[in-house]
Structures are given as structure tokens and as C-alpha cells.
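To start, the structure under review is shown below, and the notes come after it.
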Amino acid sequence: MTDASLPTLPVEVIHRIFSYCDTQTILLSIRPLCKRLYSIVNAYNLFELTLDPKSESTFPLVYRLTPSEGVVTLNILRCKSGYSRIHFFQSICDIRRFTRLRSLTMQGVTEKDLIQFFQQISTDTLTSLSIDSNEKDISKLVSHVKPAIEKFKIQKLRLHGFHHAIKHMSLSVGCALQHLEVGICHYDEYMTVLQHLPHLQTMLMKQCIMNEGMTMPLTSHSKFRSLLKSLTITDFSLSEQQLQSLISFTPTLIHLKLTAEKCRRFNSVFDGSYWEDFIRNNLPSLKKFEIFFCTGTNGVDDFAQLITRFRTPFWVEEKRWLVAWAFATWRSDDIWLYTVPIDADIGRVLHRCEISSRDGMCRLTNRHLNTMFHTTADKV
Amino acid sequence: MATTTDSSNTSATTTTENATSKTIKIQSNDGETHEIDQGVVEQSSTIKTLSDLMDLGDVPIPLPNVKGSILTPIVEFCNYHKNDPKPEPLDDDDDDDPNKDIYEPKRSDDICEWDQNFIKRFTVQEGTLFDIIMATVGCKTIANMVRGKASSEVREMFNISYDPPGEGLNAPNAIESQAGTVPTTQDTSATGPSPQPDPMN
């Protein structure tokens, strides 16, 4: 028996526990417990305020109890039907009070909302901005984002579902962006990003597609090289040659993630030897490689042989990347190839037969793709 | 503190085989001594720093803040996790993961099965859970226990009495009962950095 209890823990430990809790729990469940916790909660300065369907009823109270200078993250999320909560937020909250705000997420935002928010935010601490909109014409919205990037020195910008946003942004070389997420990108927009954002480390896009009438060069002929470290394409549809060209500008990549929403023709991207050569020749610094591809059963007749191409010393010893083939037991036409673990949105059904590069064995499993192999849950 | 799965644990066995040759001794504040290998030493910055600075030979490193009953399971935990893959920074020049967002909430639902069973041995009633809480897994577990609970439930869970009782500051449901009477104007005095009179009273 010891005297230790929640209120007697060191402040640093209690703050660490808070870092795993939502703001509502900290304010409504922990703050009233005793004077010490009340004081510790009020001194906590890493609050994340989230207005979403779940928290809407208690949000006004939570907002009132939250020490305003302790708020570093504000998320205003819309509901599934697309209803925006921006106006609700504005009716009860004053964003000017958040003087240490570092990250702002606004869903369902309009041009008017953006102008108002950017005028009201007075802090110089904002470094992360994430927006999405229901509006079809995003050009006006994006035109307001560019000056905001410079005003607030934004380092992380997420423009969810904003297709061809780059051409409306007029990026300048002095921009401090380190992280950029956009929707569909034309090849020339991608090049603009690489050439105008020297500090960019991470880029995520839905697709990179060829400009009409433009032929993608096989490799970069210019001396230009980006220092990009992480590239993600969530709806990858490029050919092998196009990928080669794309990657030739970013030889220092240490993370590459390629996932495809639709089934692809069974070709090189399903071949471990292809990726082994590709990475050896083009991406010598690559430390993290993630793929998720889907194909039909045509042309796939021997899983055991296919998995051996991902069990070479390059995959197993040098890179230590685990790969699995699987077919969904409920949808036998689809075959998946993916690295393990991977965060990929494939819907809710996970039951599948899986053969892994770990041991070449076939197992029935419903393990989430974002978790490692599990010896007890996966049945041979 | 690392959390991992069985498979990743076994897959990394080759990485630290060479690190197990040297052993050192550590001693709890009640005199219990453990001999640990370099794989375990590497997981504790305190022990590693001390062992690097001093050549103590056979003399155990004293750990005055740790009891024997807690040190034993800590050594067991570290022994289990010593072969976990080390979380490598993606960039050699910069420890920051380019994809890491330090302002995103941390996950607390990624405690592996072994760790979950391990933490079950430490209970709130015996107070031992709070002795081991310096480990991340302990903080995550506490967060999971209190998330979404009413303050009265948390109070009961951790056996916390009001201080001082009856004054309303910590009265059960003092906050929850106000949830339906949300003010529409801002009361800035209620949100200062130092403890203020509770706005509900």
C-alpha cells in the first residue's frame, strides 16, 4: 500500500495523462475533483478544443471553462451531412482570446468565414491550418489562403479536397511551408510546389495527373532537385515511367506512400523485384515505404511465388519492410497488396485470407491493416 | 516506452544480440538488487547516463526513488521490450518526423496485449498503479480510465475526497449539473491561468 494517488502525482505526469485525454474529460471530469487538480488543469496549456456533433451540446461550457491562453488547437468540424458549425462557433466564441493558437481546422468554410477568421486571429503563433469547403469554386478561397500563409508563417497547410489549388495560390519562394496537403494536382502544379517551396518536407496529394497535351519527361533534365522528404499519393494512378519522372526530382525522399482507391491492372507495381530495383536506383535514402494496391484475379495464380519477391534480403534484412497479399473472403474478385502496417481507407470489411512476407504462411484474419501481424489473432 | 506486438518483438532480435554481453547491477531503495544487461540499460536514460559516467564494477547503481516491488516488474518490462525496434527518426539530421503533428492528440488505444496484461498487476486500490505511472503505458491507461467519465465516477475510481468538503468547489456534479445552463456571454474571469473561484458557485 502506498500514498500515491492521482492528485499526488507530479504535475508533469498529470500533464502527460492530460495529453491522452480530450478537453471535455480534463475540464468536466478531472478539474472538479480537488483543489490541486483544479489548479493543475487551469495551468495546463496544451488544450485542444473540438466542436463536432459529439461535443456540440457541451462545447459552450467547455469553451467557458477552458483557460483561453492554454488553447493551442481548435477544430471546427462539420457533420456528415455537410452542415458547417462555423457560424455556431462564431455566435458563442471569440477566437481573438486564443492568443497561443497553433493549429486551426475549419470544415465547411466559406470565403466570408475565411476573411473573418484571418482578420480576427491576432496571434503570431499559428503554424498549422487545415480547411475544407463545400463550395464548388475554390479559387476565391485559395486566394485568401496565400496571404494568410505569409501573415501567420504557416508551416503546415491542409487543403482537403481542393483540386488544382496550387494554380490559384501564386506561391512565392519565401514561403515557409513545410507540409502541404492538396487534392488532385496537375504535373506542372506539382513542379511549381517543388520549385517554390524550398522548405517543404512533406507533400500529400490525391492524384498527380498529366497536363493535357503535355508529355511527362522520363527523368528530370534540369539540375533542380527538391529536398522533399515525404511524398504521399492517396489515389495513385501513374504509370511506371510517370512515377520514375516524378521521383527523379526528389531523390532524398525518406518516406514514400502510394495507395490506390481503384483496382489497377496487374502490372509492375505488384512486383517486389520492380520496387526493389526502383528504390535501389532512385531512392537510396528511403526508410519508410508504404503501398496499398488492389487488382482483379486475372493474372494472379500463385500467391506463394508473388510473396517470395518480397522476401529477398532487400525487403527482409536491409529495409525490414513487411508486405502481404490478401483476398477478401467476401469479395473474391479483389486481391490486395499492402505493406504492413498501413493506414489505408478500404471500408469496414477486413476479413481476408492473407499471405505475409514474414513467413510466407497463409492466414485467415480480420486484423486492421494499421496494425502489425499478430500471432494469436491470425489463424493459419 | 515502447509498445509493440509479438511479431515485431521477435523480428528485431538480431539488432541487440551484441548488446547483451555487458551487465550492470541496480538496487532499489529497499536493497533489492537486479543484474541487467545492456539491452535493458539502453531503455533507461537515467541508468544509462549513470553507467556511462561511472565504472562501478560490481557495486550496484542505487535507485533511491524506486521500491523493490516496483523495480522487479520494471526490469521484467524492459527485458520484454529490449528487442523492440527502436523508433528511428526519419531524418538523420533532424529528429522530427516530417509527418508528425505535435499538436495532434496522442493515441492511447495502442497498448499491446502483453502491456495490457502487465499493467493489470498494478491496481488503484493498492496504489501500485501510481508507482509505475512514470511509464507511458501507465499514463495511457489512466487516460483511458477517466475518458468520458463523470467527475463523481472518477472521484470514486481514485478514492478522492473533496477538499475542503462541502464548499462546492469539488462537490460532486458541481460542473455537470451546469451543462444545461450554458451562458452565451464570455466570463473571462473563469478561465484564468491560476485557480479562480469556480464559476458555477
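The values are calculated or read from the model by the stated rules, or taken from the named source; none is laboratory data. All figures in this text were calculated on a predicted structure; none of them were measured in a lab. Virtual Cβ from ideal backbone geometry, glycine too; neighbours counted across all protein chains shown. Surface accessibility is based on the protein's heavy atoms, side chains included, excluding ligands, DNA and RNA. Shrake-Rupley method; radii C 1.70, N 1.55, O 1.52, S 1.80 Å.
Of all residues in the stretch A:38-74, those satisfying the criterion of being facing chain B (nearest Cβ under 8 Å), open to solvent by less than 10 Å² (accessible area, probe 1.4 Å) and not aromatic (F, W, Y) are A:N42, A:L61, A:L65, A:T66, A:P67, A:G70, A:V72, A:T73.
Scan the stretch A:84-120 for residues that are of a type in the set (K, R) and more than 15 Å from A:I131 (Cβ to Cβ) and the total you get is 4. Looking only at residues in the stretch A:16-30 that are under 18 Å from B:K149 (Cα atoms) and either open to solvent by 50 Å² or more (accessible area, probe 1.4 Å) or more than 7 Å from chain B (Cβ to nearest Cβ) (or both), which one is nearest to the chain's Cα centre (by Cα)? Per the criteria, the residue is A:D22. Within the stretch A:18-38, the residues that satisfy the criterion of being assigned to a helix (DSSP H, G or I) and modelled with pLDDT of 90 or more are A:F18, A:T23, A:Q24, A:T25, A:I26, A:L27, A:L28, A:S29, A:I30, A:L37, A:Y38.
Condition check ((1) on the phi > 0 side of the Ramachandran plot; (2) modelled with pLDDT of 90 or more; (3) crowded, with 17+ Cβ neighbours inside 10 Å; (4) touching an Asp or Glu at 6+ places or on another chain (Cβ under 7 Å)) across all residues:
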residue: A:R78; (1), (2), (3), (4): no, no, yes, no
residue: A:Y83; (1), (2), (3), (4): no, no, no, no
residue: A:F89; (1), (2), (3), (4): no, yes, yes, no
residue: A:L129; (1), (2), (3), (4): no, yes, yes, no
residue: A:K153; (1), (2), (3), (4): yes, no, no, no
residue: A:G161; (1), (2), (3), (4): yes, no, no, yes
residue: A:C185; (1), (2), (3), (4): no, yes, yes, no
residue: A:Y190; (1), (2), (3), (4): no, yes, yes, no
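Run down B:I160, B:I119 and say which single residue is modelled with pLDDT under 80, of a type outside the set (S, T, Y) and surrounded by 15 or more Cβ atoms within 10 Å (Cβ to Cβ). If you could, list the steps in order and put the result at the bottom.
Numbers: B:I160 fails: modelled with pLDDT under 80.
Of B:I160, B:I119, the one residue that is modelled with pLDDT under 80, of a type outside the set (S, T, Y) and surrounded by 15 or more Cβ atoms within 10 Å (Cβ to Cβ) is B:I119.
Restricted to strands (runs of 3 or more DSSP E) entirely inside the stretch A:218-305, those with at least 3 residues that are out of contact with any helix residue (DSSP H, G or I) (no Cβ under 9 Å at 6 or more places or on another chain) and buried (at least 20 other Cβ atoms within 10 Å of the Cβ) are A:255-259.
Residues checked against (1) open to solvent by 70 Å² or more (accessible area, probe 1.4 Å); (2) modelled with pLDDT under 80; (3) more than 30 Å from A:R358 (Cβ to Cβ):
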position	(1), (2), (3)
B:E17	yes, yes, no
B:K22	yes, yes, yes
B:Q27	no, no, yes
B:G31	no, no, yes
B:D37	no, no, no
B:I47	no, yes, yes
B:L50	no, yes, yes
B:G57	no, yes, yes
B:P62	yes, yes, yes
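B:L90 falls short on exactly one of the conditions (1) modelled with pLDDT of 55 or more; (2) within 12 Å of chain A (Cβ to nearest Cβ); (3) buried (at least 17 other Cβ atoms within 10 Å of the Cβ), and that condition is (1). Among the conditions (1) assigned to a helix (DSSP H, G or I); (2) open to solvent by 20 Å² or more (accessible area, probe 1.4 Å); (3) out of contact with any Asp or Glu (no Cβ under 8 Å at 6 or more places or on another chain), the only one that A:R311 does not satisfy is (1). State yes or no: is B:V66 more than 14 Å from chain A (Cβ to nearest Cβ) and at pLDDT 65 or above? It is false that B:V66 is more than 14 Å from chain A (Cβ to nearest Cβ) and at pLDDT 65 or above. Within the stretch A:321-346, the set of residues being at pLDDT 90 or above and open to solvent by less than 10 Å² (accessible area, probe 1.4 Å) comprises A:V323, A:A324, A:W325, A:L337, A:Y338, A:T339.
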